[in-house]
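Heads up: the structure comes next, in structure tokens.
The values are calculated or read from the model by the stated rules, or taken from the named source; none is laboratory data. Please read these numbers as outputs of a predicted model, since none were measured by experiment. Virtual Cβ from ideal backbone geometry, glycine too; neighbours counted across all protein chains shown.
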Amino acid sequence: MIVAGMDIGSITTETVILRDHAILSSVILPTGANSRKAAERSLSAALEKAGLNPEEVTAIVTTGYGRASFPRATKMITEITCHARGAFFVHPQTRTVIDIGGQDSKVIRLDNQGRNVDFQMNDKCAAGTGRFLEVMAHALEVRVEDLGRLSLGAPRTIKISSMCTVFAESEVVSLIAEDQPKEVIIRGLHDSIADRILGMVNRVGIEEKVTLTGGVAKNEGVVRALEERLGVTLYIPPEPQIIGALGAALMARTLLPLPEGKRI
Ligand SMILES: Nc1ncnc2c1ncn2[C@@H]1O[C@H](COP(=O)(O)OP(=O)(O)OP(=O)(O)O)[C@@H](O)[C@H]1O
Ligand SMILES: [Mg+2]
């Protein structure tokens, strides 16, 4: 049985194609301004990578904030469920999932079957998300991919007092003007993200093992700041950004296959 899962996020769109429990291909592409086109592009790229024809796919589940923008999907499922399933699949000891994406972050508690039993979500503002880091990287004239490495070399941190992205950006600009080293400012920014996440973790309660998903899991500075606050070692999947799409594909496996004439 060949199925696809697609996570149409605010920054990136991922597709994972599964044959039974094996990943045949995965792709990560920017979503851009048109999430429908991004979804089409992402699915085509994943099919090509796997050497498959579209009609070989028996079910597609979409998730993510843009999940409704692919009308040919067999089913839409929430990100909470898909991140929970994906994280539990790659690391079955997972009982807490922290997903830090582009426009929201969430903390999900799982039971020992991988089902989500509780969650907290920050989707009201960009603080504590990947977008926040992108804005700050731009102000600091560094690449978002380099933030983690730079902050790990910082000899100290600095308090970023503004919670709001717009005010935090002006605060960063002032700190640059005061000649504060960039790596110190970046460490301060990672600490502020970790403080936000800690607030959500405290509301849901933490149970080990804790898996970190989403693009921000690739930022080793945020990983360190979180581990310091939570007092646990985080499990980072080999490709943390595809976990939502993987979970969606796993959910697609549970659906009845569409009859051949009805496939994409
Ligand atoms: N190589 C990298 N190193 C560090 N950070 C990265 C890297 N790649 C992506 N990111 C971070 O990940 C963020 C995007 O994460 P992700 O792709 O999970 O978001 P999304 O799923 O589109 O968003 P959402 O789930 O909120 O709709 C970027 O804003 C950036 O901060
Ligand atoms: Mg996401």
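Can you find a residue in the range 112-124 that is small (Gly, Ala, Ser) and within 12 Å of ligand 1 (Cβ to nearest atom)? No: zero hits. If you go through the range 29-66 and keep only what is among the β-branched types (Val, Ile, Thr) and touching a Phe, Trp or Tyr at 6+ places or on another chain (Cβ under 6 Å), you end up with just 62.
Within the range 21-30, can one find any residue that is touching a Gly at 6+ places or on another chain (Cβ under 8 Å) and either assigned to a helix (DSSP H, G or I) or in the same structural domain as residue 250 (by TED's automatic domain parsing) (or both)? Within the range 21-30 (the criterion being touching a Gly at 6+ places or on another chain (Cβ under 8 Å) and either assigned to a helix (DSSP H, G or I) or in the same structural domain as residue 250 (by TED's automatic domain parsing) (or both)), the answer is no, since none of the residues qualifies. What tally of residues in the range 100-115 results from selecting those that are over 15 Å from residue 210 (Cα atoms) and among the β-branched types (Val, Ile, Thr)? Qualifying residue count for the region: 0.
Restricted to the range 1-31, and to residues there that are small (Gly, Ala, Ser) and within 11 Å of ligand 1 (Cβ to nearest atom), the residue that is surrounded by the most Cβ atoms within 10 Å (Cβ to Cβ) is 9. Would you please name the residue that is surrounded by the fewest Cβ atoms within 10 Å (Cβ to Cβ), looking only at residues in the range 63-115 that are aliphatic (A, V, I, L, M) and over 15 Å from residue 235 (Cβ atoms)? Among residues in the range 63-115 that are aliphatic (A, V, I, L, M) and over 15 Å from residue 235 (Cβ atoms), the one surrounded by the fewest Cβ atoms within 10 Å (Cβ to Cβ) is 68.
Residue-wise test of (1) within 13 Å of ligand 2 (Cβ to nearest atom); (2) touching a Leu at 6+ places or on another chain (Cβ under 8 Å); (3) small (Gly, Ala, Ser).
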| site | (1), (2), (3) |
| --- | --- |
| 5 | yes, yes, yes |
| 11 | yes, no, no |
| 18 | no, yes, no |
| 40 | no, no, no |
| 50 | no, yes, yes |
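The condition of being more than 30 Å from residue 57 (Cβ to Cβ), crowded, with 18+ Cβ neighbours inside 10 Å and either without any contact (Cβ under 8 Å) to a residue 12 or more places away in the chain or over 19 Å from the mean Cα position of the chain (by Cα) (or both) does not hold for residue 189.
A count restricted to the range 44-93 and to residues that are assigned to a helix (DSSP H, G or I), hydroxyl-bearing (Ser, Thr, Tyr) and either within 15 Å of residue 106 (Cβ to Cβ) or not assigned by TED's automatic domain parsing to the domain that holds residue 3 (or both) stands at 1.
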